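Below you'll find the structure, written out as structure tokens, and then a few comments.
Laboratory data are not the source of any read-out in this text; all were calculated from the coordinates shown. Please read these numbers as outputs of a predicted model, since none were measured by experiment. No Cβ is skipped: glycine too gets one built from the backbone with ideal geometry, and neighbour counts run over all protein chains shown.
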Amino acid sequence: MMTRWVVLRVVPLVSVVLLAVIGVMLGMGRTLDNPVIAYFAQDTHLDGDLRLVDVRQGVEMAFDAEIGPFFLSNPMWLANGEDMIFAATGGDIPHIYRYKPGAGALHTLLTAPANGNIYYLSLAPDGEQVAYTLSEGTSGHVYLMNIDGTATRQITTISEQIHSPVAWSPDGTQMVFYSRHWARSNAWERAILVDVASGQQRTLHQFTDQVSITDPAWTADSNALLYGETNLNGASRIMRLDVNTGSAVPLLPDRAAQDALAIPAPTDDRIAIVTYIYTEQQPYIPASQINLLDPATGTLQTIYTTDQIVDGVQWSPDGHTLLLHAEPPQVSGTVLITSGQLLLLDIDSGEIMLTLNGDLAAWRP
């Protein structure tokens, strides 16, 4: 059986922080309503850099937060558009920081214990709380805290491994994450649904050990989750998981393509779908096709194709632009080597407006 390279999920982010030297290439494109992107990059000396790019002006700014070389999460802008929260190593110890770019104000909100690690940060829709996973030794739990570092509370009580970031429902009332249970040589995952107000949690769906899944993404109405599912034969499809019933069905039941990721738009019902394309010339490494799905009509429109592996997508707040997390593949023997790159895709024209050699990015609100 032929084995294919398939991106299964955006893995714990410490594994993708070794980045290339910064390079910016501006192309022709429409003026954006939200033109500032924050992203992390590192120079050849492994010194971490937080950089802001004003897309409208074509100006790149670097800010030294004087922290360690490894960034562990996306930068997350707060609602004021001035401060951000992220996780990084400082003195080899993981911290959660609040930072005001350009002002030099770096404030430690949380420090991990000596044998602990912090990962999977996720900001609530109202911007007032942040969820994160704190692991100590072999155990880990999801926690919540206010954005000023107060009112920390443990959310999960399960003994299984937390295996995905928390996905907040758009209305902020529920959270979903994956947990992984190991039983001898087999491992299975389940989706856990948490009521934020009460802390009550229940198993929403249990996945078979015959598939690998991508991180969940909520639909705009808070009624369902979308995720990519890949079976042992390398076949991928997008699934729709009903939050009320726990049932999962293919989003596009009659489609045979290798659909790997689905990210709903923040402004309407459109869904960005990443499809992997394998050829006889490249049987192990896929090219990526970016499509837009209109669920009301079932229309699927291809807007961009690249020979890179796109393993993450972010919509701009105005819903007109996609920020693609791309991995230019290189093969060394049987090992697939990738390096982070960010592509700013204008949806209307299908053109790349901006290319950055970096990773872990976020739009400013």
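Anisotropy class assigned to segment 106-182 is oblate, per the alpha carbon gyration tensor with a/c at or over the 1.5 cut-off and a/b no larger than b/c.
Applied to segment 165-177, the Karplus parametrisation 6.51 cos²θ - 1.76 cosθ + 1.60 on θ = phi - 60° returns per-residue 3J(HN,Hα) values of x, 6, 9, 7, 5, x, 7, x, 8, 9, 10, 10, 8 Hz, with x for Gly and Pro.
Karplus-based coupling profile of segment 124-129, in residue order and whole Hz: 5, x, 7, x, 9, 9, with θ = phi - 60° in 6.51 cos²θ - 1.76 cosθ + 1.60 and x standing for Gly or Pro. The separation of segment 191-223 from segment 93-147, counted between C-alpha centres, amounts to 22 Å. Put in line by how crowded their Cβ is, counting other Cβ atoms within 10 Å and starting with the fewest, Ser212, Ser288 read Ser212, Ser288. The phi-based Karplus calculation (6.51 cos²θ - 1.76 cosθ + 1.60; θ = phi - 60°) puts the 3J(HN,Hα) values of segment 233-250 at 8, x, 7, 10, 7, 9, 10, 10, 9, 6, 5, 7, 9, x, 8, 10, 9, x Hz, whole numbers, x for Gly and Pro. Note on His325, His163: ascending count of other Cβ atoms within 10 Å places them as His163, His325, the fewest first.
Take the Cβ atoms of Thr203 and Val59, set R0 to 45 Å, and the FRET efficiency comes out at 0.40.
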